[in-house]
Amino acid sequence: MEVIIIIFGGVLILAGLAGCFLPVLPGPPLAYVSLWLLQINDPAPFTIRFLLIMAAVVVSVTVLDYLIPGWGARRWGGSKYGIYGAMLGVLAGLFIFPPFGFLIFPIVGAVAGEMLGGIKFKLALKAGLGAFAGLMMGTLLKFSVTLVIAYYFIINI
């Protein structure tokens, strides 16, 4: 039974790492489930406090992943139109053309939002690039958290 738990947990870790780059898979939450799988073993390797802290981190990173592209658009000079456009672009990219839509649609959304707000294309494109930079920051954040989870999984096997 222990071997099956370890194999299944390893698969979840790998799926979690892939999910950091493929928007159809929820990367950190998948990896987090692997920690709970190890809890089945006797003795349980983690405290409940540790698991709750990791759950809070995973939920925070997952929420931030949707918000950071809008923040990036704003940071690079976008208005509220660009921020809303970038966030709508993230959501549209998830459902319309995954996984590439997830990379392209935040830029398109930010640019379109800015242009609807009356901003010229050059400035709108700058906001779009800010949304892309925010998307990359979110991906790096998810990947980092998933690596930490993988570390705790591996050292507690």
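Is it the case that some residue within the stretch 110-117 is surrounded by fewer than 24 Cβ atoms within 10 Å (Cβ to Cβ), charged (D, E, K, R), in contact with a Phe, Trp or Tyr (Cβ under 6 Å, 6 or more places away or on another chain) and farther than 16 Å from Thr62 by Cβ?
no
Could you give every pair whose Cβ atoms fall below 6 Å, whose first residue belongs to the stretch 132-144 and is over 11 Å from Pro28 (Cα atoms), and whose second residue is among the aromatic types (Phe, Trp, Tyr) and surrounded by 19 or more Cβ atoms within 10 Å (Cβ to Cβ), counting only separations of at least 6 or pairs across chains?
Gly134/Trp71
Filtering the stretch 1-57 down to residues that are at pLDDT 90 or above and of a type in the set (Phe, Trp, Tyr), which residue is farthest from Val148 (Cα to Cα)?
Across the stretch 1-57, the extreme among qualifying residues is Phe8.
Go through the residues of the stretch 121-137 one by one and say whether even a single one is crowded, with 24+ Cβ neighbours inside 10 Å, modelled with pLDDT under 85 and part of a loop (DSSP other than H, G, I, E, B).
No, the conditions are met nowhere in the stretch 121-137.
Looking at (1) more than 30 Å from Lys120 (Cβ to Cβ); (2) at pLDDT below 85; (3) not hydroxyl-bearing (Ser, Thr, Tyr), can you tell me which one Leu91 breaks?
Single failed check for Leu91: (1).
The values are calculated or read from the model by the stated rules, or taken from the named source; none is laboratory data. Computed from a predicted structure; not experimentally measured. Note: ideal-geometry Cβ built from the backbone for every residue, glycine included; neighbour counts use all protein chains shown.
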